[in-house]
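Read through the structure below, which is laid out as structure tokens, and then see the notes.
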Amino acid sequence: MSAFLVLVAGIIAYSTIFTIPLFDYAGMLAGRPALIHAVSFCLHLVNAVLIFVLFRALTGEAVAPVTGMLAGLFFVLHPACTEAVVVAENVLVLLSTTFVLLSLCLFTRATESQSVKTGAFAASLFCFVVAWLADSSAIIVPPLVLVIAFCLRDRASGARRFTPQFCYWAVAIVLVATYMAAGRPFPVRVPNVMGFTEYLRLLAAPTDLSASHLAPAAYSIMGLTVLAALLVLAVMLRSVAVLSVVWVTFSLLWVSGTAASVQEKNVYLSAAGVALMIPWAFSRIRPQAARVAVGLVVAGMVFVLAGATLHRNTVWHDGTQLWSDAVAKTSQKDAKALSGLGRAYLLEGYLASDAQAAQQAHAKAAENLRLAVSLEPDDEKAAEDLGIALVRAGKPEEALTTFKDVVRKNINSQTCLAHIGDLTFGGETTSELDDAREAIPYYRKAHELKPLTGHSLARYAMALVAVGDLATAEGLLTLAVDEGTEQSRSLQPVLNNVQDTLKKIESLDQQATPLLLKNSNDANGLKLRAQALALQSDFQQAVLVLDKLRRTSVPDFSTWLMAGSVWAKRGETDQFILEWSVPPTKPASVSAWTELAKKCASAGMWDAAFEYLSSEPSSHEGIVAPYDVLQDIGRELNRAVPEHLSRK
């Protein structure tokens, strides 16, 4: 009956858990919120019942079952346990606690008589191993077993023998050695007194609960003194209180690391130890009147804890509400809380159907993440999220600076490298050649660290097309198209064009090679080679070949047009006008400089087209209004002429 009441209390307190979003920081269980919430919820209820069972096993008939029920009730309703239950990645903490409790219950069962029960003892050791594998905080089992054997058992019993306790310590040594032999550093934690006392406060007075806590600036001497006094008293009385105090002390020493932020999930195992203290303390009250009065107080505390836990569960229903609460309670001085709020706003903006609401959410995300980065400049993830928020908030320049700051500190930040590439290269294949050249090293490094996908993969391929590395671009475009998304399908024409261009380049080289082997100055061979180089965007070599062609023969009109386009792509229109000022023979009805301008405009080089039409040689063909000619070209190409050219 008592265990049933514990279950009912837990079900009521966590009745809304299945409507809570999946707060999964590690991402390992994304997409299965109902399943993981069900597992966490059931483990929490099982742990509450196991604490009741453990207390009954330790006290026997000396304490009434209804009194022992208080241990399970206080544990299942403790508000500080909420984070461990509702956050998906904490399921291993709950699982470890389950097997710690099973191990202790089985050890108590195995040593209740003069002879050790082998089956129960072996099962206890097995549960200890499983608890350790789930979470390293299970390392507290050996000292707890020691307390049970030497303080809570009769001195003449078989449990006083050294062998059972030795087995737990031996297993612990083997587990640690195996862990380190696998190349993983043992999670040794340096106890932090200030963090330790904050954890004590959360267990004793679970107020100001938050998704993030700052360790107090000073530690409480009173808290440590009370704990020491309780330990001395408990040892003198040889009671369950010894186990409770040692349990809390060792578990908190283990989780009290050097990190500035205190996490509520770390008190989950310790809360089990505290829960054992409640029924023991109540059982020590002898006068009937006092027991009734204290019983009423305890009943009131149960209802208060239930209400507090139920309310705490409602805070976890919304990420923005959760982290706003944490930011307010830490007075905007906790980077973790600010980062959490920034990411919550990022998600809110991403899911918003209204553009204005999305813009506002992204602006708030950037504001909070900027504060987080100012507090923790080395927090790479916060800086990365800040860059994303700035992009979505319409501040690409500041975002680019943010991503580059991260890369300067960590050249292996794959996500930031990809974002830099995306922000640097506009995605057009010829009009942003310099941007493509700047973006490619970032894309290349990101792709080496981890293969790019989606938007970044497509842009990387387009940047390679822009600089003429078509062979590499073909492979990446094939990968992008194979992704099967709507964006990737739109790249199919680009891939087809790249493949056709590669075939054309191969054909041009095959035609040029025998001609140039026979005569290195062969005009047709040089022209074919220049065309192949231009298609590969190797404009430096194309210029050298075209210069050689100009010196050794008389170029035809198509060669002159190709040369003008190549020089334009190099940004050297003045040099072309100086060296190629006289066009070769052309069709009678065609203006050479107008045709060259049209060729440049069709490739997006409007400034180069305007410069050619404004040159002195073009005036000899009667061109006196370059912008008007460009307007005609624009209408013919069905493209808009850049407005800034009208002011030149």
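Pick from 507, 490, 456, 520: which is within 35 Å of the chain's Cα centre (by Cα) and exposed (fewer than 15 other Cβ atoms within 10 Å of the Cβ)?
On the way: 507 fails: within 35 Å of the chain's Cα centre (by Cα); 456 fails: exposed (fewer than 15 other Cβ atoms within 10 Å of the Cβ); 520 fails: within 35 Å of the chain's Cα centre (by Cα).
None of the others qualify; the one that does is 490.
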Q) Among the numbered criteria (1) among the small types (Gly, Ala, Ser); (2) crowded, with 24+ Cβ neighbours inside 10 Å; (3) within 23 Å of the chain's Cα centre (by Cα), which single criterion is violated by residue 270? A) (3)
**Q.** Hey, residue 61 more than 24 Å from residue 264 (Cα to Cα), open to solvent by 20 Å² or more (accessible area, probe 1.4 Å) and at pLDDT below 85 or not
**A.** yes
Q.
Quick check on my filter: what residues within the stretch 120-131 are open to solvent by less than 20 Å² (accessible area, probe 1.4 Å) and in contact (Cβ under 8 Å) with a residue 24 or more places away in the chain?
A. 127, 128, 131
Q. For residue 639, are the conditions met, namely being over 26 Å from residue 465 (Cβ atoms), surrounded by fewer than 16 Cβ atoms within 10 Å (Cβ to Cβ) and either at pLDDT below 90 or out of contact with any His (no Cβ under 7 Å at 6 or more places or on another chain) (or both)?
A. no
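The rows are residues; the columns are (1) outside any helix (DSSP H, G or I); (2) open to solvent by less than 60 Å² (accessible area, probe 1.4 Å); (3) touching a residue at least 60 places away in the same chain (Cβ under 8 Å).
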{"position": "524", "(1), (2), (3)": "no, no, no"}
{"position": "537", "(1), (2), (3)": "yes, yes, yes"}
{"position": "541", "(1), (2), (3)": "no, no, no"}
{"position": "546", "(1), (2), (3)": "no, yes, no"}
{"position": "550", "(1), (2), (3)": "no, no, no"}
{"position": "554", "(1), (2), (3)": "yes, no, no"}
{"position": "564", "(1), (2), (3)": "no, yes, no"}
Q) Out of the stretch 67-119, which residues are outside any helix (DSSP H, G or I), of a type in the set (S, T, N, Q) and open to solvent by less than 10 Å² (accessible area, probe 1.4 Å)? A) 111
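Go through 246, 274, 267 for me and flag whichever is modelled with pLDDT of 60 or more and either closer than 18 Å to residue 108 by Cβ or not in a helix (DSSP H, G or I) (or both).
Within the list 246, 274, 267, the selection yields 246.
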Q | Search result, residues across the stretch 400-452 that are surrounded by 15 or more Cβ atoms within 10 Å (Cβ to Cβ), at pLDDT 90 or above and not in a helix (DSSP H, G or I) | A | 413, 452
**Q.** the stretch 593-612, residues that are over 24 Å from residue 434 (Cα atoms) and either of a type outside the set (A, V, I, L, M, F, W, C) or at pLDDT below 90 (or both)
**A.** 594, 595
**Q.** Pairs, first without any contact (Cβ under 8 Å) to a residue 24 or more places away in the chain in the stretch 273-292, second open to solvent by 40 Å² or more (accessible area, probe 1.4 Å) and of a type in the set (D, E, K, R), C-beta under 7 Å, six or more apart
**A.** 285/291
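Quick one: in the stretch 577-599, of everything that is in a helix (DSSP H, G or I), under 18 Å from residue 544 (Cα atoms) and touching a residue at least 24 places away in the same chain (Cβ under 8 Å), which residue is farthest from the chain's Cα centre (by Cα)? Don't jump to the end; show me each part of the working.
Step one: of the stretch 577-599, the residues in a helix (DSSP H, G or I) are 577-579, 592-599.
Next, only the ones that are under 18 Å from residue 544 (Cα atoms) stay: 577-579.
Okay, now just the ones that are also touching a residue at least 24 places away in the same chain (Cβ under 8 Å), so 577, 579.
On the way: 577: 54, 579: 56 Å.
Per the criteria, the residue is 579.
Examine the stretch 342-357 for a residue that is within 18 Å of residue 264 (Cα to Cα) and of a type in the set (A, V, I, L, M, F, W, C), and state whether such a residue exists. Explain how you work it out, then say what you get.
Of the stretch 342-357, the ones within 18 Å of residue 264 (Cα to Cα) are none.
Checked against the condition, which is being within 18 Å of residue 264 (Cα to Cα) and of a type in the set (A, V, I, L, M, F, W, C), the stretch 342-357 yields no hits at all.
Take residue 354 and decide whether it is in contact (Cβ under 8 Å) with a residue 24 or more places away in the chain, of a type in the set (D, E, K, R) and at negative phi.
On the way: in contact (Cβ under 8 Å) with a residue 24 or more places away in the chain: no; of a type in the set (D, E, K, R): yes; at negative phi: yes.
No, not satisfied.
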Q: Residue by residue through the stretch 566-577, note down the ones that are modelled with pLDDT of 90 or more and loosely packed, with under 15 Cβ neighbours inside 10 Å.
A: 574, 575
Q. Of the numbered conditions (1) open to solvent by 10 Å² or more (accessible area, probe 1.4 Å); (2) more than 24 Å from residue 85 (Cα to Cα); (3) part of a helix (DSSP H, G or I), residue 332 satisfies every one except a single condition; which is it?
A. (3)
Q. Residues of the stretch 605-633 being buried (at least 19 other Cβ atoms within 10 Å of the Cβ) and either basic (Lys, Arg) or not in a loop (DSSP other than H, G, I, E, B) (or both), which ones?
A. 606, 608, 609, 610, 611, 612, 613, 618, 626, 629, 630, 633
Q: Please work out if residue 602 is open to solvent by 30 Å² or more (accessible area, probe 1.4 Å) and within 59 Å of the chain's Cα centre (by Cα).
A: yes
Q | When residues of the stretch 348-374 are limited to those that are closer than 21 Å to residue 317 by Cα and over 20 Å from the mean Cα position of the chain (by Cα), the one surrounded by the most Cβ atoms within 10 Å (Cβ to Cβ) | A | 358
(Q) On the basis of being open to solvent by less than 30 Å² (accessible area, probe 1.4 Å) and more than 29 Å from residue 138 (Cβ to Cβ), does residue 292 make the cut? (A) no
Q. Out of (1) of a type outside the set (A, V, I, L, M, F, W, C); (2) under 29 Å from residue 43 (Cα atoms); (3) touching a Phe, Trp or Tyr at 6+ places or on another chain (Cβ under 8 Å), the odd one out for residue 291 is which?
A. (2)
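The values are calculated or read from the model by the stated rules, or taken from the named source; none is laboratory data. A quick note: this is a predicted structure, and the numbers were derived from the prediction, not measured. Here the Cβ is made from the backbone with ideal geometry for all residues, glycine too, and neighbour counts use every protein chain on show. Just the protein is used for accessible areas: all its heavy atoms, side chains included, with ligands, DNA and RNA removed. Shrake-Rupley method; radii C 1.70, N 1.55, O 1.52, S 1.80 Å.
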